[in-house]
Amino acid sequence: MTGAEFAAAAAKAGPIGAGHLVTFGTSIAEYEQAAPAIEALIATPGTVRRLDLARAPRLRLIQSTAAGVDALAPFDMIPDGVMLLNNRGVHADRAGEFAIMAMLMLAAHMPEFATDQRAHRWNRRSSGIIAGLRATIVGVGGLGGGAARRARQFDIRVTGIRNAAAAHPDCDRTLTVADLDKVLPETDFLLLACPLTEATRNLIDARRLALLPARAGVINIGRGELLVQAALIAALRNGTIAGAVLDVFTEEPVPAEDPIWDAPNLIMTPHISSDDPERYNEATLAMFFENLRALAEGRTPRTLVDLAKGY
């Protein structure tokens, strides 16, 4: 994030963007030098984790440049009275495009064709259109909501899984996590897009993978730990699911010796499903100023993180 980007976003924000004294740092030493005056901190969760926030006694809020803040859990290093804000929603458009790309690839057997190519094997597979297939999206916030919107444009039937079964405009139905086992047997695409919390860690294990039909594909754009990776590898090797597209992993970068590299019918991407280098910082800063405007008007910032829930 650069000074020019901040200045441009501040100018677009109107009065709430004026009058800020902004410093930029790339090291802990630079942070510590500026810390006594800092009231608002904009950084990645990983960066925040490395900083001694006690050195910033005037700190009022932290604006994360990521939607997922699990790197800061259990949040005990955030001083009392300091708000943590994320940038949920910034990723929706890009994540939606990635998700529908993954669904189209799975429907057209592209992971299997990639495996055949590596094996120098000619194996014809036919496929039909994607309309009418069923997607189960676990988490319909920014990432999952963007995916649901794109899926509906392709006439995919979307079931959203969330903590409360409140309706979502881009889902044909919404159910709770308690109902997940009931819908897995009718699922063509299982998309994981929820935050990582203790409640969602290892949510999709060997038992739940076994509930999917053999034609199903798994997509993970949330966090690697939502899925038991070893169980997915076994399901792919045994042919109990058709394929998978993973953008996140239990260890990143993925070690060269990790067996996930050689799992059949799997497409891997290096945690880029939500990246949009042209718009990401601009959108994050716009959200930052939106949050400041809410505070100035006595409202709760839209992306305030509930530390008890972890998102």
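Just a few scattered comments:
- Estimated at 0.36 nm per residue, the fully extended path between residue 7 and residue 153 surpasses their Cα-Cα distance by 48.9 nm.
- Estimated from the Cβ-Cβ distance and a Förster radius of 35 angstrom, the FRET efficiency linking residue 124 and residue 178 is about 0.25.
- Cα-based helix-to-principal-axis angle, 92-107 vs the chain, degrees rounded to 10: 10 degrees
- Summing charges over all other residues whose Cβ lies under 14 Å from the Cβ of residue 39, with Lys and Arg as +1 and Asp and Glu as -1, gives +3.
- In the chain, the DSSP beta bridges split such that about 5 percent are antiparallel, to the nearest 5.
- Mean residue ellipticity at 222 nm, helices only, the chain: -9000 deg cm²/dmol; runs of at least 4 DSSP H residues each add -39,500 (n - 2.57), and the sum is divided by the number of residues.
- Scalar couplings 3J(HN,Hα) for region 58-70, obtained by applying the Karplus form with A = 6.51, B = -1.76, C = 1.60 to θ = phi - 60°, are 9, 4, 10, 8, 10, 9, 6, 8, 9, 7, x, 10, 4 Hz; x denotes Gly and Pro.
- Rolling a 1.4 Å probe across the protein heavy atoms gives region 175-311 an accessible surface of 45 Å² per residue.
- When a 1.4 Å probe is rolled over the protein heavy atoms, the share of accessible surface on the chain that falls to carbon and sulfur comes to 54 percent.
- Percent RCO, i.e. relative contact order, over region 234-284, from Cα pairs under 8 Å lying at least 6 residues apart: 43 percent
- Under 15 Å from the residue 302 label point (7 Å along Cα→beta-carbon), backbone N, region 63-83: 67
- In the frame of its principal axes, region 156-311 has Cα extents of 57, 37, 30 Å, reported largest first.
- Reciprocal of mean inverse Cα separation for region 44-156 (Kirkwood radius, Å): 17.3 Å
- Accessible surface area normalised per residue over region 1-117 is 50 Å², counting heavy atoms of protein chains with a 1.4 Å rolling probe.
The values are calculated or read from the model by the stated rules, or taken from the named source; none is laboratory data. Since this is a predicted model, take the numbers as computed values, not measurements. Don't worry about glycine lacking a Cβ; one is built from the backbone with ideal geometry, like all the others, and counts go over all protein chains shown. Keep in mind that these areas ignore ligands, DNA and RNA; they rest on the heavy atoms of the full protein, side chains included. Shrake-Rupley method; radii C 1.70, N 1.55, O 1.52, S 1.80 Å.
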